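S.K.: Please see the structure below; I have some questions.
The values are calculated or read from the model by the stated rules, or taken from the named source; none is laboratory data. From a predicted model like this one, the values you see are computed outputs, not experimental measurements. Every residue, glycine as well, gets a Cβ built from its backbone with ideal geometry; the counts of neighbours run over all protein chains shown.
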Amino acid sequence: MRKSIYLGIGLGGGLGSSLRYGVSSLLNSPGGFPYGTLAVNLIGCLLLTLLYEIFLHSTGKAKQLHKALATGMIGSFTTFSAFSAESVQLFDRSPMLACYYMIATIVGGLGMTMLGHLWGRRWRI
């Protein structure tokens, strides 16, 4: 059972990092505003909390699925390090735009987390 959790997390991680790359490639432009990182972080906030609420009391295979999706897929889909690096780079070019990005990420992330919490409570397994 323990091996299957690690395998699920690893597979979820591969999927999440691939999805992150795809979204970032689609939305980010070199030297431009980091829309891709903002999008994955906001979507990740929503999905992580949604999954937490849905699987709150799960056991067995459902709990393993939760670990694969939450820790593996969402954990590798979102990234605080990219947010931090892009904020510093953006600040060098435009302090105003950097502040907008940081505020949008933090406020938007908390808002999406709250939305995931409310939705997830309705769909608990």
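S.K.: Among the helices (runs of 4 or more DSSP H) lying completely within the range 1-85, list those that include at least 1 residues that are out of contact with any helix residue (DSSP H, G or I) (no Cβ under 7 Å at 6 or more places or on another chain) and free of Cβ contacts under 8 Å to residues at least 12 places away in the same chain. If you could, list the steps in order and put the result at the bottom.
M.R.: Numbers: elements: 2-27, 35-54, 60-67.
Filter on the range 1-85 gives 2-27, 60-67.
S.K.: I've got another one for you. Take Ala68 and decide whether it is surrounded by 12 or more Cβ atoms within 10 Å (Cβ to Cβ), modelled with pLDDT under 95 and farther than 25 Å from Gly120 by Cβ. Quick ask: steps written out before the conclusion?
M.R.: Working: surrounded by 12 or more Cβ atoms within 10 Å (Cβ to Cβ): yes; modelled with pLDDT under 95: yes; farther than 25 Å from Gly120 by Cβ: no.
When the stated conditions are applied, Ala68 does not pass them.
S.K.: Select from the range 86-110 the residues that are touching a residue at least 60 places away in the same chain (Cβ under 8 Å) and within 16 Å of Leu42 (Cβ to Cβ) and write down the one among them that is surrounded by the fewest Cβ atoms within 10 Å (Cβ to Cβ).
M.R.: Only one residue fits best here, namely Leu110.
S.K.: Does Ala62 qualify as being surrounded by 16 or more Cβ atoms within 10 Å (Cβ to Cβ) and either in contact with a strand residue (DSSP E or B) (Cβ under 8 Å, 6 or more places away or on another chain) or among the hydrophobic types (A, V, I, L, M, F, W, C) (or both)?
M.R.: Values: surrounded by 16 or more Cβ atoms within 10 Å (Cβ to Cβ): no; either in contact with a strand residue (DSSP E or B) (Cβ under 8 Å, 6 or more places away or on another chain) or among the hydrophobic types (A, V, I, L, M, F, W, C) (or both): yes.
For Ala62, the condition - surrounded by 16 or more Cβ atoms within 10 Å (Cβ to Cβ) and either in contact with a strand residue (DSSP E or B) (Cβ under 8 Å, 6 or more places away or on another chain) or among the hydrophobic types (A, V, I, L, M, F, W, C) (or both) - is not met.
S.K.: Also: I need a count of the residues in the range 71-85 that are among the aliphatic types (A, V, I, L, M) and surrounded by 19 or more Cβ atoms within 10 Å (Cβ to Cβ).
M.R.: Residues of the range 71-85 among the aliphatic types (A, V, I, L, M): 73-74, 82, 85.
Imposing the further condition that a residue be surrounded by 19 or more Cβ atoms within 10 Å (Cβ to Cβ) reduces the set to 73-74.
Number of matching residues: 2.
S.K.: While we're on this one: Looking at the range 51-71, can you tell me whether even one residue there is more than 11 Å from the chain's Cα centre (by Cα) and among the aromatic types (Phe, Trp, Tyr)?
M.R.: Looking through the range 51-71, at least one residue is more than 11 Å from the chain's Cα centre (by Cα) and among the aromatic types (Phe, Trp, Tyr).
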